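So the structure is just underneath, and the comments pick up after that.
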Amino acid sequence: MLDEGPKCYSLVPNQMAMANCDEAHRLFDPQVEKGIMVGTLPSWTCVSGKVVYRVLKGPYDQLPKAWDEFPQKALQEARVPPRGPPGDVYVCGPMDHPREPGKMLTILYIPVK
């Protein structure tokens, strides 16, 4: 479980805190090369329960190709049935890396049983 990860902050009182980008990189950069994984994501992602997921590092223009490949490959590799629609979490985006889009982090996920 990844909830031991980033220390979170919130700019808006009473709203779910997000991890800061440096902490998110410490948690998710090692997972970029691992490919497809099954587990739970930190609570600050607002994704609950068990998911099959993949961490992508790079600009958003890689997302269409990633989404073309991810659902079928993820469910085949994980060998678990889906329990809900897929989604993504933009962990560190253009505002975090305005001159380095190759450092942006996105998590693709599918809730599974």
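Laboratory data are not the source of any read-out in this text; all were calculated from the coordinates shown. Treat the numbers as computed from the prediction; the structure is a model and nothing was measured. A quick note on method: Cβ atoms are made from the backbone with ideal geometry, for glycine too, and the neighbour counts reach across all protein chains shown.
Each residue of the stretch 59-76 was assigned a 3J(HN,Hα) from its phi angle through the Karplus expression (A = 6.51, B = -1.76, C = 1.60, θ = phi - 60°), giving x, 5, 5, 7, 5, x, 5, 4, 5, 5, 9, 4, x, 5, 4, 4, 5, 5 Hz with x at Gly and Pro.
3J(HN,Hα) couplings calculated from phi for the stretch 22-37 with the Karplus curve 6.51 cos²θ - 1.76 cosθ + 1.60 (θ = phi - 60°) are, in sequence order, 4, 5, 4, 5, 4, 7, 9, 3, x, 8, 4, 7, 6, x, 8, 10 Hz; Gly and Pro show x. With only Cα atoms counted, the stretch 8-111 has Rg and Dmax values of 13.7, 41 Å. Against the compact-protein benchmark of 2.2 N^0.38 Å, the Cα-based radius of gyration of the stretch 51-101 scales to 1.31.
Here the residues Tyr60, Tyr53, ranked from fewest to most Cβ neighbours within 10 Å of their Cβ, fall in the order Tyr60, Tyr53.
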